[in-house]
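K.L.:
Following this message is one structure expressed as structure tokens.
Since every read-out is calculated from the coordinates, none of them should be taken as a lab result. Given the structure is predicted, the values throughout are model-derived calculations rather than measurements. For neighbour counting, all protein chains shown are included, and Cβ atoms are generated from backbone atoms with ideal geometry for every residue, glycine included.
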Amino acid sequence: MSESNSVLHVENITMQFGGVVAVNNLSLDVNKGEIVALIGPNGAGKTTAFNVITGVYEPTNGRVDFCGETMVQNYPKGKMAKEYKGENLGLYKNAIVKSPDKITKLGIARTFQNIRLFSELTVFENVLIAKHMRARQNIFSATFRLNHKEEQRMRREAMELLEIQNMGHLKDDIAGSLPYGIQRRLEIARALATDPKLLLLDEPAAGMNPQETQDLTDFILEIKNHYNLSVFMIEHHMDLVMQISDRIYVLDFGSLIAQGLPEEVSNNPKVIEAYLGVTDDAED
Amino acid sequence: MTKQDKAIEQNMLKPAGLNPKVKYSIAALLLAALLGGIWWMEQTLPASSIIFTVLKKGAIYSLIAVSLNLLNGFTGLFSLGQAGFMLVGAYTYAIFTIPPESRAAVYMYYDGGIIDFALPVPVALILAGCAAGFFAFLIGLPVLRLKSDYLAIATLGFAEIIRAIIQYDKLGPITNASNLLRSFPVFRSTLFPFIVAGLCIAVICLLINSSYGRAFKAIRDDEIAAEAMGINLFVHKEMALVTSAFFAGIGGALLAMFQMMVQARAFTSAMTYEILLIVVIGGIGSITGSIIASFLFIACSEWWLRFLDEVQFIGGMQVPFLRSGFRMVVFSVIIMFVVLFYRKGIMGTKEFSIDGIYRFFRRVFGGKAGKEAAPHE
């Protein structure tokens, strides 16, 4: 596993809210072209880990590298320096903070657990907005239409993307009025429109029936190959996870309890305990 | 006709819409008719007619309401600082356009002030916008980190502070302190505010339909998602605030010209609420709604509902309640009614467009239009 192959490298991340350690000393890697899944029971800290990677939260301690470049780094400061309960204190000496929009610009796109589309805008506009950040324009050139070539390019790219995703016929529909499954796919399409290298999916199959889940599985594999992506996802549907993941990390109470290939993880007694609750079974 | 049928018909009519050339010609024709109509009225009606007051003030309020709508309706920033930006614009315009020969009379307590030149009107109007925009930029730096209610309170506070600062005695040589400013160039024709406000609103429309306008709407719909799409929240909010203040500043300058004098005391928070009322009645997120509501509001407050402020007799009986100030009570009832039963205002987030009218007529004369539309499919 060479360094240049690593897309996302998360190192000793600890996220502490007040006295609660939501993520404890989490380290993981996503390599080029891999689909990596992060699983764990509810409240294990999976979404918190996502929010740290995408810059929504600043980690209390630890570092996140993206394509070999340090993207986020922090250490306990101020009041937190006294209250800090995690490990590796003093390993990181300086803080690097990037806001979510900068991280998206670097090439990490994400979807949300509870769909966050621009619900009053059309499907086309939803995708078009993702093109905004990379367009060469400023507020004057955009207002007075001096950027019409750039605007045309953005529109063409957005339309192409919608056509590839088979959503071209929906382009003028209001995003908020679409069926749930389509909204999920639109959210992924919108994330793809930011030209990411790494796609983070937060429970993409939540609330889907088996058929929809199967469609989604195929869809994820298809876009991964088509756009040459790495995918890092949180998911509860085990069949989906086992089918497409190259590697799996298991999180419980904020700490990593297992990692490895799907079959290794599914046979790991710790994982079975975390998921099924062995103590409960013993009582029965 | 069921809902579904309607939706299908609308979809069918979409590709059969007017082609852009026809559309723009109709728009240009309507615009020319509007301006021509105003010109004709000015030729025939006496200059003191109330209709000119309504048209002038309505046009100015349209611009200010649209500028507030850019913030409240399109970017989702609830700001109450509009009166403050108007004040900055009005004062900047007045200070830089009073002719040197009139300054001694205007600044009689301050030895004619310290500025002894006058800028041409168009330059001063743009400068008025820039000054308001500059203040907005400064306020935005700390304030835009706040959200919703806090942002509203902070901008409201700014508007009050700026009003107090302008009345500060030590600034007298520039602002004439609490005395009024007058003698600056004003407009006589109703066409002037129509053209200036029209141009400004056109620019705001262009902005809203541009890539940046889409980014603003994205921020309005969902900040977290907008940020995840690579939109820098702070920069875009700052842009929206500065643009809004720029046009509010020009609106303030126009208002000063309309009133032929300007005094800081008049730019109270009540003025912001008036404009907010217009935006809410017109529909938050609709430009044409704001414009229609502006004219309606001004017509009501200056003309149609004037009688409410005067004692009236019907057949020798005095009508109860009618006295000075009752108009405001009626306005309060109207806003309550709008907020409770008509929450989306006149237009909601829809816009009044030539395509829309065209579709409307086709719907009204459904049978014929249906057959006509068929060949296009």
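K.L.:
In units of 2.2 N^0.38 Å, what is the alpha-carbon radius of gyration of the stretch B:21-77?
P.N.:
Normalised Rg, Cα atoms only: 1.52.
K.L.:
Within 10 Å of each residue's Cβ, count the other Cβ atoms and sort A:Met159, A:Met233, A:Met133, B:Met317 from fewest upward.
P.N.:
In order of increasing Cβ crowding within 10 Å: B:Met317, A:Met159, A:Met133, A:Met233.
K.L.:
Residue separation times 0.36 nm, minus the C-alpha to C-alpha distance between B:Phe337 and B:Phe187: what's the value?
P.N.:
50.3 nm
K.L.:
Find the centroid of the Cα atoms in the stretch A:203-272 and in the stretch B:173-213, then give the distance between the two in whole Å.
P.N.:
58
K.L.:
Could you give the angle, 0 to 90 degrees to the nearest 10, between helix B:211-221's Cα long axis and the longest principal axis of the Cα atoms of chain B?
P.N.:
Value to nearest ten degrees: 90.
K.L.:
Moving to a separate point now. Quick one: of A:Lys149/A:Lys171; A:Lys102/A:Lys197; A:Lys102/B:Lys237; B:Lys147/B:Lys350; A:Lys93/A:Lys270, which pairs are farther than 23 Å apart, Cα to Cα?
P.N.:
B:Lys147/B:Lys350; A:Lys93/A:Lys270
K.L.:
Here is a further query. Could you give the distance between the Cα centres of the stretch B:109-138 and the stretch B:255-278, to the whole Å?
P.N.:
For the stretch B:109-138 versus the stretch B:255-278, the Cα centre distance is 18 Å.
K.L.:
Which one of B:Ser353, B:Ser25, B:Ser244 has the biggest mean-square fluctuation once chain B is modelled by GNM with Cα springs under 10 Å?
P.N.:
Highest fluctuation of the listed residues: B:Ser25.
K.L.:
Here's something else I'd like to know. Helix-only estimate, please: 222 nm mean residue ellipticity of chain A, summing -39500 (n - 2.57) across DSSP H runs of length 4 or more and dividing by its residues, to the nearest 500. Before the final figure, lay out each step's value.
P.N.:
On the way: 12 runs with 107 residues, N = 284.
Rounded to the nearest 500, the figure is -10500 deg cm²/dmol.
K.L.:
May I pose another question? Going by C-beta contacts inside 10 Å, put B:Leu151, A:Leu261, B:Leu119, B:Leu87 in order with the fewest on the left.
P.N.:
Ordered from fewest to most neighbouring Cβ atoms within 10 Å, B:Leu151, A:Leu261, B:Leu119, B:Leu87 come out as A:Leu261, B:Leu119, B:Leu151, B:Leu87.
K.L.:
Treat the count of other C-beta atoms within 10 Å as a stand-in for reagent exposure and order A:His237, A:His148, A:His132 from fewest to most.
P.N.:
Details: A:His237 19, A:His148 11, A:His132 23.
So the residues, fewest neighbours to most, are A:His148, A:His237, A:His132.
K.L.:
How large is the charge dipole for chain B, taken about the Cα centre, if only the Cβ atoms of Lys, Arg (+1) and Asp, Glu (-1) carry charge, to the nearest 20 debye?
P.N.:
Values: 30 positive and 22 negative charges, 175 e Å.
Dipole about the Cα centre, nearest 20: 840 debye.
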